[in-house]
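Inspection log for the structure reproduced underneath, given as structure tokens.
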Amino acid sequence: MAIVLSVNGADRAIEADAEMPLLWALRDILGLTGTKFGCGAGICGACTVHLDGRAARACQVPIGDLAGVAVTTIEGLGTAEAPHPVQRAWIEEQVAQCGYCQPGQIMAAAALLANNPAPSDDDIVAAMDGHICRCATYPRIRSAVRAAAAAMRGA
Amino acid sequence: MGRTGRILRRTFLIGTAAVAGGVAFGVWAVRRDPANPLLPGLPVGAAAITPFVRIDAAGVTLIAPRAEVGQGIAHAQAMMIAEELDIGLDQVAIDPGPPAPAYWNGRVAAEGLPFAAIDDGMMARGARAAGDAVSKLLGIQITGGSTSVPDMFDRLRAAGAVARETLKAAASRETGVPVAQLGTAGGAVILPDGRALPYTALAAAAAATPPAGPVPLRPPEAWRLIGRSIPRADIARKSLGTEIYGIDLRLPGMVFATARTNPRLGGPVNGMDAAAAEAMPGVLRVVPLPGGAAVIARDTWTAFRAAGAIAFDWGAAPFPATQAGLWRTIADSFTDERRDSRLRDDGDAAAAATAAAAGAVTAEYRAPYLAHAPLEPMNATALWRDGWLDIWTGTQIPRFVQSNVERVHGIPSERVRVHQMPSGGSFGRRLEDDYVQQAVAVARAMEGTPVKLTWTREEDFAHDFPRPAAIARGRGAVADGRVTALELAIAAPSVAESQIARLGLPAAGPDIAIVAGAWDQPYAIPHYRVTGHRAPAAVPVSSWRSVGASHNGFFHESFLDELIHAAGADPLAERIRLCSHAPSRRVLEAAGAMAGWAGPRPAPGVGRGVAFTLSFGVPVAEIVEVADTPGGLRLTGVWVAAEVGRVIDPAGAEAQATGGVLWGLGHAMHAEITYEGGAAEQTNFHAFGGLRLSEVPPVQVRLLETDALRGLGEPTVPPAAAALANAIFAATGQRIREMPLVRHVRFA
């Protein structure tokens, strides 16, 4: 039985077990590999996407639970031609090293700033502390969130 | 013992392998450059000028053969070529190229030599040259040991210069304008009338033009790229989610697999029942592997679930099953029989410590096993078709992947094509190719179908080759407010013995990694001895960012700190006084100036620790500040000074330096791998914590530049743990001699 997901504004029919985590439907079936597999246990944050605008761990959400939910992935956040302000800040601050955690970090930051245009340092930590960066790009992550917040307020 | 008696470890070993393999040594063989791997199959109209520059009508591709694992080396290699080629980084594609002898690493063999990095004597230089020659003869292509910049700096600039002059010669033939009247800029040859002939339009002509002879390289004052912060193209892709890592590869008709093998490393599989797995919808096949099995399915999640449904009967690990037993093998290695090296022996440290009027200072330190755990789980894609094997993966050892395929699977290495993919971290993990060989086994069972094999995170933790655990015993003496004697004995299993054997090369002789970052420190302590003891092989171990210096920085600099405090001296001033190497003194002074050093206790409840390690040729001083708060110890500042040689890209260098310090701090604070029942107890990131955003203090980095050539991926790691432990001592009076520090204190 096909499950219909709303991904980045388009309905996508998927032939898969309703228990399949969204992460693997995105990656292996829809080919949206920007959402990363890191731990499979909701610990590292690499698979963070937006569900109706809120940050969520795609490895922990079965696709059967997503009827009527708008899924946004890093591919739907912005493009090379029109990057999201958070992506633009990440590029300007040259945050990424290996970059593998960064789509998840960016999705978390974008969700934070959508609801809180002027986050305090504590707000940033509360939203981002569950995201593991093995390269430890944390100082630039912090700078990029602040820069994106400022840019979004000014826009 | 004379220097000649103790030359050459890896070089000697690799040289032995070369002779055994029938490779003739000789000046002729060494001078001859390996064939250009870009030429076979090159389409008409395309040019491959040197192994590093490929041009066709569609574009210019720069070959960056050192593996990109996050350290920015693809970008840095491209900068070096582009500097002489006169082309913008926004005008080129960067490609890792095929595995090839032409991409040999001329520095990595020298890394294991028993010469201090600051030793520039004739013997040291001769041994390093011998290492380069052997690596070139064998075509050893490795990314590691912070060697990429020193190894590639001249070669890549020379390749760019040769390509530029060849393109000018081609343009001259096309236009009749003498070469001397041609210029180059922005990816084009510029004619005297100002017209620009793009390199792409010259590709066919360049292909028919003999490559230019040796071209003088430009002086630093003429550089346009090197030394400037230039945005990395891969960072944009990584921020947009469009970078295709190995794990993201998709091929037509691809199927998905995972492996599950005995978590007791090296232990056998006595039996298995895969019936339930095979019955699951979406499962295509179960394929036996050494120590376990792989499941092939129509998606990765199904493969994961099915692998979990296989009932395995796994045998015991071939080493002590408990962490206590593993510690015992190391602790029992402080014997003459297990003595591996004594490369530092100034004065008479043992007698001086025994005779010390105030009594000897003694201490024992421990460092745990540590996982690499890059965030991209190990994976590889393989396709076996028509007698050819294609492999797509992130690897630091592409040519060893080929030779290991031949050894393990019997496929001739010239029939193995390795397609290098960007890696989501490595930290040394991709110097091993166990995951690749599994993918090959699976692909051979699925002829004609590409198979992507991806590990679960649990498999990744179970099957890491960790940084070895190590123990150090220190003895020292102080007199008149000074450190007078320091004796350090270090016992650890040998990374070289474990790792080189897996590369199919013989290993013997002392392992410098056991004492690296301790024996070679530039201190003029009157009585100073460092002895390495080799613990018996147990858990298979491997290179972990900064290798032996990762634990020895902690041991040496913590124990020196104990002695300095026993002497009643200032931790920074006494290190500077003891320092016998001007660049090292400069970084200590620079770190002190940056931090505004005024002693280890600048305020009540605040402690500052300093530590220094010279590793990979780079002297690094770090000062860490902690505050003792009601919630626990909080890191409040880090100051880092390093003399790094040439800085290729300042923003990239700062990222590497900062990342290395935070890597060192995070693991020192929180991380360990322990074994019970023969298997790692930590199965996922909930039990193996690095640093989190909330814990990250402000980090200030000062890179002191010289015209030397060094790498920066590793050298800032080793001092970090000791600087933190020393800061904790300053703040609380508690001397922690064991990592992770969180076993003894709470962090806020």
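At-a-glance table
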| quantity | calculated |
| --- | --- |
| Rounded to the nearest 20 debye, dipole of region A:2-77 from Cβ charges on Lys, Arg, Asp, Glu | 300 debye |
| Cross-link reach list, lysines versus B:Lys452, counting only Cα pairs under 29 Å and skipping chain neighbours closer than eight places | A:Lys36, B:Lys238 |
| Highest to lowest packing among B:277-289, B:43-55, scored as the average C-beta count within 10 Å | B:43-55, B:277-289 |
| Per-residue average of Cβ from other chains inside 10 Å of B:241-252 | 5 |
| Two-site FRET efficiency, B:Glu337 against B:Met122, from Cβ-Cβ distance with R₀ of 41 Å, rounded to 0.05 | 0.75 |
| Rounded to the nearest 20 debye, dipole of region B:4-218 from Cβ charges on Lys, Arg, Asp, Glu | 620 debye |
| Fewest-first ranking of B:Trp639, B:Trp392, using other Cβ atoms within 10 Å as the exposure measure | B:Trp392, B:Trp639 |
| Long-range amide H partners of B:Ala257 with built H, under 5 Å | B:Ala297, B:Lys452, B:Leu453, B:Thr454 |
| Cβ-based charge dipole, the protein assembly as shown, positive-most Cα from B:Leu741, B:Val620, B:Ala236 | B:Val620 |
| Contour minus Cα-Cα distance for B:Ala687 and B:Leu704 (0.36 nm per residue) | 2.3 nm |
| Leading residue at positive end of dipole, region B:4-218 (Cβ point charges), from B:Leu197, B:Tyr103, B:Met123 | B:Met123 |
| Label-to-label distance, nm, for residues given as B:Asp345 and B:Ala276 (7 Å Cα→Cβ offset) | 6.0 nm |
| Listed residues A:Arg54, A:Arg88, A:Arg134, most fluctuating in chain A (Gaussian network, C-alpha, under 10 Å) | A:Arg134 |
| Rounded Å value of the spacing that divides the Cα centres of region B:599-669 and region B:312-352 | 30 Å |
| Point-charge dipole on Cβ atoms (K/R +1, D/E -1) for region B:265-388, about Cα centre, debye to 20 | 340 debye |
| Region B:552-559 - phi-based ³J(HN,Hα) in whole Hz, Karplus 6.51/-1.76/1.60, Gly and Pro as x | 6, x, 5, 5, 5, 7, 6, 5 |
| Sites B:Arg577 and A:Asp121 - FRET efficiency at Förster radius 41 Å, r taken between beta-carbons, to 0.05 | 0.55 |
| Signed unit charges on C-beta, dipole axis of region B:4-218, positive-most listed residue B:Pro150, B:Ser172, B:Ala78 | B:Pro150 |
| Whether chain B is rounded, prolate or oblate, judged on the alpha carbon gyration tensor where a/c under 1.5 counts as rounded | oblate |
| In sequence order, calculated HN-Hα J values of region B:312-328 (Karplus, 6.51, -1.76, 1.60; Hz; x Gly/Pro) | 9, 10, 9, x, 6, 6, x, 7, x, 7, 10, 4, 4, x, 5, 4, 5 |
| Distance between region B:426-474 and region B:197-239 - C-alpha centres, whole angstrom | 36 Å |
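Every read-out reported here was derived from the displayed coordinates using simple, explicitly stated rules and does not represent laboratory data. Remember, predicted model here, so these are calculated numbers, not experimental data. Cβ sites come from the backbone with ideal geometry, for glycine too, and all protein chains shown count toward neighbours.
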